[in-house]
Structures are given as C-alpha cells and as structure tokens.
Amino acid sequence: MKLDIQNLRGCYTLSADPVGDGRIELTLMICETTGEIRGELTGEMDAADLNHVSQLLEAAARACAPVAPSPHDPPRRGRNPPAPRRGEAWTAEETRLLLQRFRDGGEPSHLAAEFERSEKSIRWKLFGLQVAPFPADLAPERHVSPPCPAPPKAYSVEEERQIHPNAYRAWEENDKKRLAERCAQGASSAELSREFGRKVTAIWSQLNKISAVGPAADEARERGA
C-alpha cells in the first residue's frame, strides 16, 4: 500500500509493506516540491496496531496546531505569538508565489498570514528579492556575531541513487534470498552494500527481517538496525 499527499509545503508519501507474521513495515517520506527529502521515518509494527497509531498522530496534530482565537476573546497585548513557520527555509515554489502575490498588490501583513510567517520575515524576504526597500525600521542594532554553521545540504532520491542505485526500492524475493546466501558466505556489510546498490543501514534492516546468519547479520544485530 502506498499513499501520497501533495500541497504547497511538499509531498508526503506513506508506504506499508507486509513482512510476515501479521507485521508491516511503514516508511514515511517528506519531500520538498523540488524533490529534496525533508524527513524520513521507517519502522515495523503489528498491523493491528496501525489504527491506534493513527489516532495518536491525529491527537498530536491537534495538540501542536495553532489555536485560532475566539471572536469573544479579549485582544492580546504585547508581543505577537511566533509565526507557525518561523525559522523555516523558503522553497523555490514559495518564493515564486510570494513574488507573484506581492506584485499583485499583496501587503506584507496579509502575506504574513497567507504564508504563516511573521511580517518581519516577509519584508526581509522581499528586500532580498530586490522588490521592496530596505526595512530600516525592522533592522536590529548592528553587532558582530560568530558565523552560523551552514545548514546540512538537502538531498533527493535521484541524488541518493547516484550513489546507491537501488535506494528506497522495494526488495524482490530473489534479492532477499541472494542477500541471505551472500551473508552466509561471509560477505561484509560494505560488500553487500556495493553489490545490492543500497545503503548499509538498508542492508542491516533487511538482514534482520530475513533472520540471516553471517558476520554482516551479527553486525546488524549489534547496531540495532
């Protein structure tokens, strides 16, 4: 089973594959609209527990979602609450839409609500795109700060497959059988990774699923893969 959801924030893919004895392997992948992987989660569980897990995810989504103020609540004073997407990097699609909305006459305050960011973030982004003046009233006092470390480079499935051609592909039964045989013959984890075109962690995960024997399988169990 495979489910896909796409929206302005990106693409969300959930795969569920049976692994025997009533258990399934779940893989959740979150990608940018450009194809860059933003998050990944893989694990096993009993199929009967899936409904309870989905209820927990729904409860977590409700608990973490921003609460809309009631029209009967008194107006808040002081600092505004942080924007829901504060600190998130701008994607190419968001930047294109922001530029289009601004050129259509959108005010920074309205754009802030639409893109779930602070008005300050909108003004600085527009200044960086060279379509709005320098937001002098928002500029902080100048001071020397140590350079921030560069964020980790995002990667895509296509880029990963340039190194491991079979990354994120489903395992065929004959590949599982051959993997067990090569492991029993004493092939190392690195050798199996090159031979099957997959990451070492994917090799370890599959060795545990098929209860393989051999040095690589022992290493997989030691690493808790």
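The values are calculated or read from the model by the stated rules, or taken from the named source; none is laboratory data. As the structure is a computational prediction, the values presented were derived from the model and not from experiment. FYI the Cβ positions are ideal-geometry reconstructions off the backbone, even for glycines, and counts take in every protein chain you see. SASA here: full protein model, heavy atoms, side chains in, ligands and nucleic acids out. Shrake-Rupley method; radii C 1.70, N 1.55, O 1.52, S 1.80 Å.
Ranked from largest to smallest solvent-accessible area, with a 1.4 Å probe on the protein heavy atoms, THR91, THR33 come out as THR33, THR91.
The peptide list 204-214, 48-58, 98-108, put in order of mean Cβ contacts within 10 Å with the highest first, becomes 204-214, 98-108, 48-58.
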